[in-house]
1. For D227, are the conditions met, namely being open to solvent by 10 Å² or more (accessible area, probe 1.4 Å), in contact with a Phe, Trp or Tyr (Cβ under 8 Å, 6 or more places away or on another chain) and not hydroxyl-bearing (S, T, Y)?
2. When only residues in segment 100-126 that are among the hydroxyl-bearing types (S, T, Y) and over 21 Å from the mean Cα position of the chain (by Cα) count, which is farthest from ligand 1 (Cβ to nearest atom)?
3. Can you tell me which residue within segment 703-743, out of those that are of a type in the set (F, W, Y) and outside any loop (DSSP other than H, G, I, E, B), is surrounded by the most Cβ atoms within 10 Å (Cβ to Cβ)?
4. If you take the residues of segment 87-104 that are touching a helix residue (DSSP H, G or I) at 6+ places or on another chain (Cβ under 7 Å) and either away from ligand 3 (no atom under 16 Å from the Cβ) or part of a strand (DSSP E or B) (or both), which of them is least open to solvent (accessible area, probe 1.4 Å)?
5. Between Y174, Y164, which is at pLDDT 95 or above, open to solvent by 10 Å² or more (accessible area, probe 1.4 Å) and within 30 Å of T256 (Cα to Cα)?
6. Do any strands (runs of 3 or more DSSP E) entirely within segment 473-571 hold 3 or more residues that are closer than 24 Å to Y434 by Cα and in contact with a Gly (Cβ under 8 Å, 6 or more places away or on another chain), and if so, which?
7. Could you figure out which of (1) touching a Pro at 6+ places or on another chain (Cβ under 8 Å); (2) among the basic types (K, R); (3) touching a residue at least 60 places away in the same chain (Cβ under 8 Å) isn't true of R341?
8. Open to solvent by less than 10 Å² (accessible area, probe 1.4 Å), within 18 Å of L406 (Cα to Cα) and within 16 Å of ligand 1 (Cβ to nearest atom) - does that describe any residue in segment 263-273?
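The values are calculated or read from the model by the stated rules, or taken from the named source; none is laboratory data. Since this is a predicted model, take the numbers as computed values, not measurements. In this analysis, Cβ positions are derived from the backbone assuming ideal geometry, glycine residues included, and neighbour counts consider all displayed protein chains. Each accessible area value is taken on the protein alone, full model and side chains, heavy atoms only, with ligands, DNA and RNA left out. Shrake-Rupley method; radii C 1.70, N 1.55, O 1.52, S 1.80 Å.
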Amino acid sequence: MTLQSRLSNWVNAFTPTRRRFLQSASATAATALVVGNLPKKAHAFAYEPYPTDDELETVVTSCAHNCGSRHMLVAHKKGDVIVRLSTDNGTYQGDAYGTDTEEKPQVRACLRGRSYRSRLYSPERLLYPMKRVGKRGEGKFKRVTWDEALSDIARRMTYLKDKYGPTALCDQSYAGASYGVLHKSDQIEGLLGRFMGMFGCRTSCWSVPSYQGTTFSSRITFGTIEDGNEDDTFAHTKLMIMWGWNPAYTFHGGNTFYYMRMAKQRGCKFVLVDPQYTDSAAAYDAWWIPIRPNTDAAMMAGMAWHIWDNDWHDQGFIDRFVQGMDPGTMPGWAQGQESFREYIMGERDGVPKTPEWAAEICGVSADDIRKLAEMYATTKPAALKASWSPGRNAYGEQYNRMASALQAMTGNIGILGGCAEGVGKAWHAEGVAYPYDQWANVWFASIKSDRWAHCVLNYPDVKREEIGIWPRNDELDGVIPNIRGIFYQGSDWFNQLTNINKEIEAIRKLEAEGDEESLFVCMDSTITPTGIWCDYLLPIATHFERHDVALPWYKGHYYIHRPVVIQPLGDSRTDFQVFTELAYRLGFGPAYNPKATRDYFDDPTDVDEAYLVDWWHKVRDHQGADIDWETFKQRGVYKFILSQPHVAFRQQVEQGVPFQTASGKIEIFSGQLAQITDWTRTQYGYPIPAIPKWIEPWESLNSDKTEQFPFHVISPHPRWRTHSIFNNIPWLRETFSQELTMNASDAKGLGIGMGDTVEVFNDRGSCIVPVYVTERCMPGVAVLHEGAWMDLDENGKDRSGNPDFLTLDEPSPAGAFAYNTVLCDIRKTDLNHRPGWDQLATARSHVFRRDL
Ligand SMILES: Nc1nc2c(c(=O)[nH]1)N[C@H]1C(S)=C(S)[C@@H](COP(=O)(O)OP(=O)(O)OC[C@H]3O[C@@H](n4cnc5c(=O)[nH]c(N)nc54)[C@H](O)[C@@H]3O)O[C@H]1N2
Ligand SMILES: Nc1nc2c(c(=O)[nH]1)N[C@H]1C(S)=C(S)[C@@H](COP(=O)(O)OP(=O)(O)OC[C@H]3O[C@@H](n4cnc5c(=O)[nH]c(N)nc54)[C@H](O)[C@@H]3O)O[C@H]1N2
Ligand code: SF4
Ligand SMILES: [Mo]
C-alpha cells in the first residue's frame, strides 16, 4: 500500500460520512424513543443545515477593543442577523484567495474575535437604559426611556457642577471602544473628554494603566512614544529577548507571531526573562530566565556593568547619539552630576552594580546575568523587547529606562533587527475623524487615575502629590478635586483599577450623603461589574451597529472599514449620539457635534458618513492612500505597502536627524528631570532620578513583609479575554479558566493540590479561585490573570478571582500602576469559585430587564 492510500484509509476510518452520521444519529434518537416510550416520529436532524455563504450577505468589518491588535472580521448575515463570522482570507483588498505575504500579511482574527457573535448576542447585552433602584452594587435596576434617563442625568450634572464646582465629575473613560476614528473612548482623544470639557466640569485621569512607567520612559528618553518598529522587522533579528513579554497571549500587534516564527526559521535565538515559563517561550524554544517580579531594573544594571567591564559597549553610537551615558556625554551645564556609567560602576555611591550585586536582588544567578549580557552585547542585531508588564510596578519607569540604556549602549537603536521598545508605537495612523479642536481634552483637574477613591475618601485633606495633580498656570492649579461622580465610557475601571475595596468604600461614602449628591453613569454594551455600582446604565451600540473605521493598535499599517453590519440591538445608541443629545439638553449641542442636528439621536447615518469622508481625504492627502472612499468601503480594508520595514529612529541614526528630546539626543541623563527642584509641584509628586537607577519597591520577595505575605502575585493579561471583555463567554472559558498558577513545591508546602480552591489574600482584600499547579512558574510567585468580573458574596468576598482586590492604589512617582507589586498569602477554602456571571444569566437578566 502506498503512503498516500494508507493515509486516506486512515482518514476515512475517522471521518463519518454524512450517511453514516445520519444512521447513528437516528439510532440514538430511536433509543431515546424506546426509553421515553413516546410514539413520536424520529427526526434525523434537529436543525436545518447551515446556510452556505452564497445564501448569505457578506460584510467586511473589524474586531475591536483594547486587546493588542485589530483584526478583520467578516460577517455573514441573513436579514439583520449575523449567523457566522469568518476572517481575512487575502481576497478583500482585491488579491487572490490566500494572499499572505511578508509585505501584506492577512489580519486574521484570534479566538476572541472569532467568538464575537456570542458577545454580540449574549444574555448580558444591555438593551435599554436602566436606572438603579437598589443600593449601589446591589444590581437592581429598572428600565427607563432615553428621555427620562438623559433629562435626569443632565439635571443632576448641572446640580453637581453648580454645587461642587468644575472638578465634580470625573472622566474615567478608557480604551474599550479604542481605535476607531469616530467612536472614541479615552482620556485624550475621547468623546467624553470633549463633552465634559465643553460642559465645564471635568476631572481627568492622566495616568494610563497599561504603561505609564513605560510612556514616561519613552518620552523622557526619546521624546516620543513612537519608539516601535513594525512587526516585520522582528523577522530580521538574530537574538530576541522577550523581557516580560508573552506575545502568544498578549498581542502588541496583529502578526507578531508570524514574523517571529520567520526569525526562528532564520536562526534567531530566543530568551525569556519572566517569572513564568510562557507559551511564547515554548513556541520558540527560548532560554527561560526566571526572575523575581519587580526586580528587573537591578538585573539590567548588572548586565550594563558586565558590558562595560568587558568593553562590549558601542562607544561610537554613544558618542554620536546619547546624552549622559558616561561622563564624556554629559551636557555642559550638568558637568559634575552623576552619569549612568558612574552609577553602574559604583563610582559615586561605592556600590558597583555587578552581576553578583544584581543576583542577590533578582534571584537570577550572576553567571546567567553575565551570559545574557554577553549574548546581547555581542550578537548584532539584537532585539531587547522590554514589554510593559515589568513596568507596571513600583518604580516601573526605572526598568524601562534601564532597558533603553542597554539598547543604546549596544547600538541596537534605529537599525533593522534591533529594538528600542518601550511603548512600541510604530506606524503613525491618521487617528481622529470627529471634531477634535480646542475643546478636546479640556480639564479642570487631572489626577493619577487610580487615586480617585483616595481623593474622595480623604477630601479635602489631600496633598497634591498624593493624587498626582497635574500643574496648571491658573487659579485652579493644585485645587484638590471634589469628585462627586464618575462617567465610565468604554471602561470597566471599577473592576480594573487597583484596590477595589477602597473604591467600594469611596462610592459608599458618597452614597451615604444622599442620592442627589453624586452621580455614577456607565455607558456600555453589556451589563458589567462597573455598571452594577452605577446609577444609570446607558446601552451603547457595538462596532457592528455603527459606522466607523478601525485603526491598527500599536503596530500594523492598514485601515479596516466598519459599516453598520446590523441595526443596533434593543434601544442602543452610539456614544456619539448620547453625548450629542446630552449636549443639546445642556445647551451646547451644535458646538459639540457641528455636522449634526437634533435628529442625530434617531439617525446618525449621514453625519457619521460625512465625518468619515472628511477623514479619508486626510488619509489620501497625508498618507497617499490611492483609492477613493467608495472603493475603500467596497473592499473593506486598505493595507499600506511600506517601501522598507518601519524601524523607529532610522532617520536619526542613518541621517543624523535629531531625536525629539530637548538635547536632540537619546537622554539617558534626562535634562528635564535634572532641572526639577520642587517635585510636589509636578504631576509626579515625588523625586525621580535623572538617570535610570534601581529603587527598592515597597513590597517584593526581598522585603520583610514576606513573613506575613510570602507570595508575590503578578496579574498578566488573559488570552481568553480582553481585560474584562469576553469574561461572560462560555466558549472562551472552555479554552482557559481563571486560575491561580503556582509552583508545585509551594503548593505542596501549603497542602494544596491541582484544582483545589484557595483564598488569595493580603491586607487589602481577597479573592477565591482554583489553583493550577505547575513547574512553569517560579517558586514564591503566583500568577492570576486580570479582568475577572468581580462577584461579591453576601460577606463581600470576591468569588471571581479578581486580582484587583489585592493590588495597591499607590502609583509609582511617574504614574505607573503598581499592578504587579503585590504580596499575598494563600490558603485552602471551602468557598466556591464563581467563574462567570453567565452561569446566572437567567437570574441576572430577570433582575435587569423586569420593570421594577
Ligand atoms: N491586576 C491588574 N489589573 C489590570 C491590569 C493588570 O495588568 N493587572 N491591566 C490594566 C490595563 S493595562 C488596562 S488597559 C485596564 C483595562 O481596563 P478597562 O479598559 O476597564 O477594561 P476592558 O475590560 O477593556 O473594559 C472596557 C469596557 O468598554 C466597553 N466597551 C467596548 N466598546 C465600547 C464602546 O464602543 N462604547 C462604550 N461606551 N463601551 C464600550 C466594554 O464592554 C468593557 O466593559 O485594566 C487594567 N487592570
Ligand atoms: N489577549 C490579550 N492581549 C492583550 C490584552 C488583553 O487583555 N488580552 N491587553 C492589551 C493591553 S491593554 C496591554 S496594556 C498589553 C499588556 O501587555 P504586557 O504588559 O506585555 O502583558 P502582560 O500579560 O501583563 O505581561 C507579560 C508578561 O510579563 C510577565 N511579568 C509580570 N510581571 C513581571 C515582572 O515584574 N518582571 C518580568 N520580567 N516579567 C513580568 C508576565 O508573567 C507575562 O508573561 O496587552 C495587550 N494585549
Ligand atoms: S486580537 Fe483583538 S482585534 Fe484581533 S481578533 Fe483578537 S480580540 Fe479581535
Ligand atoms: Mo492596557
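1. no
2. Filtering segment 100-126 for residues that are among the hydroxyl-bearing types (S, T, Y) and over 21 Å from the mean Cα position of the chain (by Cα), the one farthest from ligand 1 (Cβ to nearest atom) comes out as T101.
3. F711
4. Q93
5. Y174
6. Fully inside segment 473-571 and qualifying: 519-524, 548-550, 558-562.
7. Among (1) touching a Pro at 6+ places or on another chain (Cβ under 8 Å); (2) among the basic types (K, R); (3) touching a residue at least 60 places away in the same chain (Cβ under 8 Å), R341 violates only (3).
8. There is no residue in segment 263-273 that is open to solvent by less than 10 Å² (accessible area, probe 1.4 Å), within 18 Å of L406 (Cα to Cα) and within 16 Å of ligand 1 (Cβ to nearest atom).
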